[in-house]
1. Quick test for you: out of Leu191, Leu186, Leu249, pick the one residue that is away from the ligand (no atom under 12 Å from the Cβ), within 23 Å of Val112 (Cα to Cα) and among the hydrophobic types (A, V, I, L, M, F, W, C).
2. Return the residues of the range 54-66 that are exposed (fewer than 15 other Cβ atoms within 10 Å of the Cβ) and either touching a Lys or Arg at 6+ places or on another chain (Cβ under 9 Å) or modelled with pLDDT under 95 (or both); say none if nothing qualifies.
3. Under the condition of being among the charged types (D, E, K, R), closer than 18 Å to Glu254 by Cβ and not in a loop (DSSP other than H, G, I, E, B), which residue from the range 200-212 is farthest from the ligand (Cβ to nearest atom)?
4. Name the residues in the range 213-246 that are more than 10 Å from the ligand (Cβ to nearest atom) and not hydrophobic (A, V, I, L, M, F, W, C), would you?
5. Does the range 6-34 hold any residues that are touching a Phe, Trp or Tyr at 6+ places or on another chain (Cβ under 9 Å), at pLDDT 95 or above, more than 9 Å from the ligand (Cβ to nearest atom) and not charged (D, E, K, R), and which are they?
6. Do we find a residue being away from the ligand (no atom under 15 Å from the Cβ), surrounded by 21 or more Cβ atoms within 10 Å (Cβ to Cβ) and in contact (Cβ under 8 Å) with a residue 12 or more places away in the chain anywhere in the range 76-97?
Amino acid sequence: MRQQSKLGLGGHTFIEQLGNDPEASFEEQCAIVSACLDQGIRLIDTTYYQERVALGKVLTELQRREEVQIMAWNFFKQPGKENDLVKPTPYEPHHIDIMLEELRTDYIDILVIHAQDDTEKQRRELELAKQWIAEGKVNKAAIGMLKLEHLQQLPDNHPVSYVLAPYNAFNQGALETFRKAKEMGLEVVALSPFIRGWKLDEIGEDKAKAAEILLRWVTGHELVDFVIVSMRKSDWVKANVEAVQSGPLDQEEEQKLNSWIERLA
Ligand SMILES: NC(=O)c1ccc[n+]([C@@H]2O[C@H](COP(=O)([O-])OP(=O)(O)OC[C@H]3O[C@@H](n4cnc5c(N)ncnc54)[C@H](OP(=O)(O)O)[C@@H]3O)[C@@H](O)[C@H]2O)c1
């Protein structure tokens, strides 16, 4: 099998909101996931429940569940808001079975807990994650959208193996958190290399080259283990995998990137 890529596929790929292009058709979604798996992208993130439902359908069609590492967050369907992108809800005991049903699987590889400031509530979610790991419904746990203090407040026997936060050339606010996570032996997952793709338009130059530079900046970062990017077109899978393979930026590319940051940050 191909070596696993540092790239992961973002679940916003499967929904219309938060992107520039229209929602990808079911056939295109299948083609995107197939292209990812064929090129070594195994990690697939799902944030909103709509993304879990879509990925479950795609993996059933492709019959490739075992090749994927599914990452899933605590955003749930709410009555009367079925089409909305809702806020996260702290995990409760019944949530795991709902998630498994939506994903059409019997385990989640990486369960993401959205960080919250109420330490007692966060502790209860960590306990639930531990219980689900013991039951075989979850393999590993993660904390997402966290700040440094969330790491500092983790209890000694926490189950967390990964941290996730937006991190890209224009938004380096998670750097200290990622440093601390690495010291604690955790894996670091950077989200949104293109800030939902909007930054590529703002830069206003050759979009493919701008995407390549932004992606290589973050995948070349020593602290970053995985980078989650949404791709609504299967063609972008190859382009992004090739960008990562071409390694860190050279001096000229660094200068170009710095000029964009000066102009737009
Ligand atoms: N940022 C957060 O707060 C957050 C929170 C939780 C989870 N996440 C995870 O992070 C994932 C990625 O974040 P994101 O979707 O916000 O932003 P992103 O990955 O930075 O940007 C994705 C957009 O970039 C465009 N794109 C991708 N490859 C391209 C290429 N080679 N050339 C040109 N354009 C390209 C596509 O735009 P169009 O298709 O729209 O044209 C795509 O939708 C999400 O799907 C989610 O799984 C993010």
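The values are calculated or read from the model by the stated rules, or taken from the named source; none is laboratory data. Note that the structure is a prediction, hence the values are computed from the model and not measured. When we count neighbours, we look across all protein chains shown, and the Cβ atoms used for this are built from the backbone with ideal geometry, even at glycine.
1. Answer to the selection: Leu186.
2. Thr60 - this is the single residue of the range 54-66 that is exposed (fewer than 15 other Cβ atoms within 10 Å of the Cβ) and either touching a Lys or Arg at 6+ places or on another chain (Cβ under 9 Å) or modelled with pLDDT under 95 (or both).
3. Lys209
4. Arg216, Thr219, Gly220, His221, Glu222, Asp225, Ser234, Gln245, Ser246
5. Scanning the range 6-34 gives Leu7, Gln29, Ile32.
6. Initial filter on the range 76-97 (away from the ligand (no atom under 15 Å from the Cβ)): 77-84, 90-97.
Remaining after also requiring surrounded by 21 or more Cβ atoms within 10 Å (Cβ to Cβ): 91, 96.
Checking which are in contact (Cβ under 8 Å) with a residue 12 or more places away in the chain leaves us with 91, 96.
Yes, the range 76-97 contains at least one residue that is away from the ligand (no atom under 15 Å from the Cβ), surrounded by 21 or more Cβ atoms within 10 Å (Cβ to Cβ) and in contact (Cβ under 8 Å) with a residue 12 or more places away in the chain.
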